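Report on one structure; see the data block that follows.
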Amino acid sequence: GVIAVVLVAIAWFGLNRYSDSIVLPVIDKYLPDPAEPGQTVTITGSGFGEGTDPAAFKVTLGEAPAQILDANGTRINIMIPESLGASGSQTLPLKVIAQGTTSTSRLLKISVAPKIATLTPRVALTGDEVAIAGKWLANAKVRPVVTVGGNEAEIIEASPARIRIRVPPVAATEGQKVSDRVAVGPDIAKEVPLHYGRLPFVDS
């Protein structure tokens, strides 16, 4: 009986010493928040370890592993996976795994706002087709909405990189500029101007 008590005491002492030696990684903050796919995010906290080898760390966003650019005991720089852009804007749990232990998750919003790069042609009238090229213009979950001069345009074809529309009737006269806007759910692209007119067109 005495031996059993001694063994239990030794085991309890050893377990407590082992528990005290475990340092959990803690996420204090991360910037920017929200972040976009392909963007660098800096995570600061503690308990990340003493090494600087990126291979010794792991950061996950939901089920997706993030690329670690550099790291030390209090800071980790990661790149948000481009693959997350296909799912549109979402909020995912962010976790740091270091020294064999996992931090408590923190929520990071991934912003996938559509971006318009070009309009082809830049000059069009009602009924004409215009191709919009850019990034994150559509995704599998939400149908994009395109407005020209505040009126919704017919979408002929849509993909994440390109949308073809038919210009709707607008309250404009030839020679004016009208706004072209793409919205994917609550995410809205910065407006770009479309010249309302016909080719050849004198801009200035």
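Structure summary
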read-out: Inter-probe distance in nm under a simple model that places probes 7 Å from Cα toward Cβ, at residue 72 and residue 115; value: 3.0 nm
read-out: Vicinal HN-Hα couplings computed from phi for the range 63-75 (Karplus, 6.51 cos²θ - 1.76 cosθ + 1.60; Hz; Gly/Pro x); value: 9, 8, x, 9, 6, 8, 8, 6, 7, 8, x, 10, 8
read-out: Per-residue ³J(HN,Hα) for the range 156-167, Karplus 6.51 cos²θ - 1.76 cosθ + 1.60, θ = phi - 60°, Hz, x for Gly and Pro; value: 8, 7, 9, 8, x, 9, 7, 10, 10, 10, 10, 5
read-out: Calculated FRET efficiency for the pair residue 83/residue 26, C-beta based, R₀ 25 Å, to 0.05; value: 0.35
read-out: Using alpha carbons only: equivalent-ellipsoid semi-axes of the range 128-168, gyration tensor based, whole Å; value: 17, 11, 8
read-out: Cα→Cβ-extended label distance, 7 Å offset, between residue 198 and residue 50, nm; value: 7.8 nm
read-out: Paramagnetic reach from residue 166 (point 7 Å along Cα→Cβ, amide N under 16 Å) across the range 176-204; value: none
read-out: Where the Cα pairs of the range 50-196 fall when distances are cut into 5 Å bins, in %; value: 2, 9, 17, 16, 11, 9, 8, 8, 7, 6, 4, 2, 1, 0
read-out: Partners for residue 190 among lysines (Cα-Cα distance below 30 Å; same-chain residues under 8 apart left out); value: 29, 109, 115, 135, 141, 177
read-out: The chain: angle of helix 2-21 to the longest principal axis, Cα-based, in degrees nearest 10; value: 30 degrees
read-out: Distance between modelled label sites at residue 33 and residue 90, nm, 7 Å Cα→Cβ extension; value: 2.0 nm
read-out: Mean Cβ neighbour count within 10 Å, used as a protection proxy, ranking 162-172, 30-40 highest first; value: 162-172, 30-40
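Rule-based calculations on the coordinates, nothing more; no lab input. The model shown is predicted, which means the values in this text are computed figures rather than measured ones. Cβ: placed from backbone, ideal geometry, glycine included. Neighbour counts: every protein chain shown.
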